[in-house]
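*Asks:* Take this structure first; my questions come after.
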Amino acid sequence: MAFNPTAEKAKENVEQVKSNLQERFPEFKKRASDITHQVEERARRIPESAFVTAAGLSIIASAVLAVTSRQKPVANFVGLWAPSLLLMGIYTKLLKMEKKGESIL
């Protein structure tokens, strides 16, 4: 791999920006951690079946829109919600398992 002075300079600049941000905004990390904690606590309250149901409904709605609508991009957009909803359900399940102390594997 050849030496690239531009890449080295870019890495130095990134590190310098990181250290400047950490010096200027030490409370940012704590605030971000608090927000993450709040999101996780609220996510734990939602049953996983709600996400699976919502994903199924988005697939059905997408199919109905594809058949009845002239705007196919809208049907595709609604259909693309399903993977995200299923991932949120998995995330919720992992949060609940973590709180109970169960192994993920």
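*Asks:* Taking the stated definitions as given, is Gly56 modelled with pLDDT under 95 and not hydroxyl-bearing (Ser, Thr, Tyr)? Show your work before the answer.
*Replies:* On the way: modelled with pLDDT under 95: no; not hydroxyl-bearing (Ser, Thr, Tyr): yes.
Here the answer is no, as Gly56 does not meet what is asked.
*Asks:* Just for the range 60-83: of the residues that are of a type in the set (A, V, I, L, M) and surrounded by 14 or more Cβ atoms within 10 Å (Cβ to Cβ), which one is nearest to Leu95 (Cα to Cα)? Before you say what the answer is, go through the steps one by one.
*Replies:* First, the residues of the range 60-83 that are of a type in the set (A, V, I, L, M): 60-61, 63-67, 74-75, 78, 80, 82.
Next, only the ones that are surrounded by 14 or more Cβ atoms within 10 Å (Cβ to Cβ) stay: 61, 65-66, 74-75, 78, 82.
Numbers: Ala61: 29, Leu65: 34, Ala66: 35, Val74: 32, Ala75: 31, Val78: 26, Ala82: 20 Å.
By that ranking, first place goes to Ala82.
*Asks:* Is the range 45-59 home to any residue that is free of Cβ contacts under 8 Å to residues at least 12 places away in the same chain, surrounded by fewer than 13 Cβ atoms within 10 Å (Cβ to Cβ) and β-branched (Val, Ile, Thr)?
*Replies:* For the range 45-59, residues free of Cβ contacts under 8 Å to residues at least 12 places away in the same chain, surrounded by fewer than 13 Cβ atoms within 10 Å (Cβ to Cβ) and β-branched (Val, Ile, Thr): absent.
*Asks:* Okay, next question. If a residue has to be among the basic types (Lys, Arg) and over 17 Å from Leu85 (Cβ atoms) to count, how many in the range 45-74 make the cut? It would help to see each step written out before you state the result.
*Replies:* So the first thing to find is which residues in the range 45-74 are among the basic types (Lys, Arg), and the list is 45, 70, 72.
Of the ones still in play, those that are also over 17 Å from Leu85 (Cβ atoms) are 70, 72.
Within the range 45-74, residues that are among the basic types (Lys, Arg) and over 17 Å from Leu85 (Cβ atoms) number 2.
*Asks:* I'd like to verify a number: residues in the range 45-78 that are of a type in the set (Lys, Arg) and part of a helix (DSSP H, G or I), how many? Full working, then the answer.
*Replies:* Kept after step one, since they are of a type in the set (Lys, Arg), are these residues of the range 45-78: 45, 70, 72.
The next check asks that each one be part of a helix (DSSP H, G or I); those that pass are 72.
Looking only at that region, the number is 1.
*Asks:* Still on this structure: Has the range 87-100 got at least one residue that is under 23 Å from the mean Cα position of the chain (by Cα), at pLDDT 85 or above and among the acidic types (Asp, Glu)?
*Replies:* No, the conditions are met nowhere in the range 87-100.
*Asks:* Determine whether the range 3-26 contains at least one residue that is within 19 Å of the chain's Cα centre (by Cα) and either surrounded by 10 or more Cβ atoms within 10 Å (Cβ to Cβ) or at pLDDT 95 or above (or both). Let's see the steps before the verdict.
*Replies:* Going through the range 3-26, the residues within 19 Å of the chain's Cα centre (by Cα) turn out to be none.
No, that holds for no residue.
The values are calculated or read from the model by the stated rules, or taken from the named source; none is laboratory data. In this text the structure is predicted, and so the values were computed from the model without any measurement. Glycine also receives a Cβ, built like all others from the backbone with ideal geometry; neighbour counts cover every protein chain displayed.
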